[in-house]
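The values are calculated or read from the model by the stated rules, or taken from the named source; none is laboratory data. Since this is a predicted model, take the numbers as computed values, not measurements. Cβ placement follows ideal geometry from the backbone for every residue including glycine, while neighbour counts extend to all protein chains displayed. Note: areas computed on protein heavy atoms with side chains; ligands, DNA, RNA excluded. Shrake-Rupley method; radii C 1.70, N 1.55, O 1.52, S 1.80 Å.
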Amino acid sequence: MEIWTDYRVALQVDGQFGASIPRSVGEIRKMLEHRMPGRKPEGAVPIEELTEQVAAEVGADADDEFTPGWATFKRDEQGLLYEARCVRGHIKDCAQQVGPFFPGVKAFRAKVVNSVYIKPNVFHVMRGGAPILGVHGAEERFIQVMTRQGPRSSIKYVDYVIDPVLEFTLRLRTKGEIEKKHLDAIFEYGGTHGIGAERSQEWGQYSVLSFEPVGEEVVAK
């Protein structure tokens, strides 16, 4: 039974592509606590271990307990990384907006969610055929935040890279209402919507370099 068709996708970002992972240990812990379900599953990894793992992946300084408002990329010894879950989240957001163009597919976004997966879980942010080694800069922005004492001004920093290419494998379920033409529309919309941080500043806008099937369909065992 043919379950999946794999496509090799490459997105060329035009200009700045912003990071979204907190840079300090304190903010990483806050992010993970916010994502943690109300009832932890049996055998769940302790929050302290998860915090240490993510801190290592972004190169956070263990002595810098809390640097508010600074976002960066995960990284390994080869270069900067981006997560599959972020691409999948981007596809979900765009599917919500593209759905009305396909009235014949009921619950369009939900069907996209159940038909499309991204692999690997993390992949390198590329430029010129090689992983990008480090960020190209950090944007400083002044923002308004609400505190218990009322609105306050603050500063945030966002690490970014210029003109990266995001390459990943998209796995599409073969027997379903979601087809490649629907994903073409999603990426067409997404190219203007943008991916990554600071989309309101027109960061992360892209064009599709390639979206082609690779190999044979994966056969279920």
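Observations, loosely collected:
- Residues within the range 106-123 that are on the phi < 0 side of the Ramachandran plot, surrounded by fewer than 17 Cβ atoms within 10 Å (Cβ to Cβ), among the hydrophobic types (A, V, I, L, M, F, W, C) and not in a helix (DSSP H, G or I), tallied: 1
- Members of the range 159-175 that are open to solvent by 20 Å² or more (accessible area, probe 1.4 Å), of a type outside the set (Val, Ile, Thr) and not in a strand (DSSP E or B): Asp163, Lys175
- When each of Glu27, Glu49, Glu65 is tested for being over 16 Å from the mean Cα position of the chain (by Cα), open to solvent by 80 Å² or more (accessible area, probe 1.4 Å) and at pLDDT 55 or above, the lone residue that passes is Glu49.
- Whichever residue in the range 133-158 is assigned to a loop (DSSP other than H, G, I, E, B) and modelled with pLDDT under 80 and, among such residues, is surrounded by the most Cβ atoms within 10 Å (Cβ to Cβ): Gln149
- Arg109 in contact with a helix residue (DSSP H, G or I) (Cβ under 9 Å, 6 or more places away or on another chain), closer than 30 Å to Asp6 by Cα and either among the hydroxyl-bearing types (Ser, Thr, Tyr) or modelled with pLDDT of 95 or more (or both): yes
- Scan of the range 189-202 for residues that are among the charged types (D, E, K, R) and either free of Cβ contacts under 8 Å to residues at least 40 places away in the same chain or buried (at least 16 other Cβ atoms within 10 Å of the Cβ) (or both), ordered by number: Glu198, Arg199
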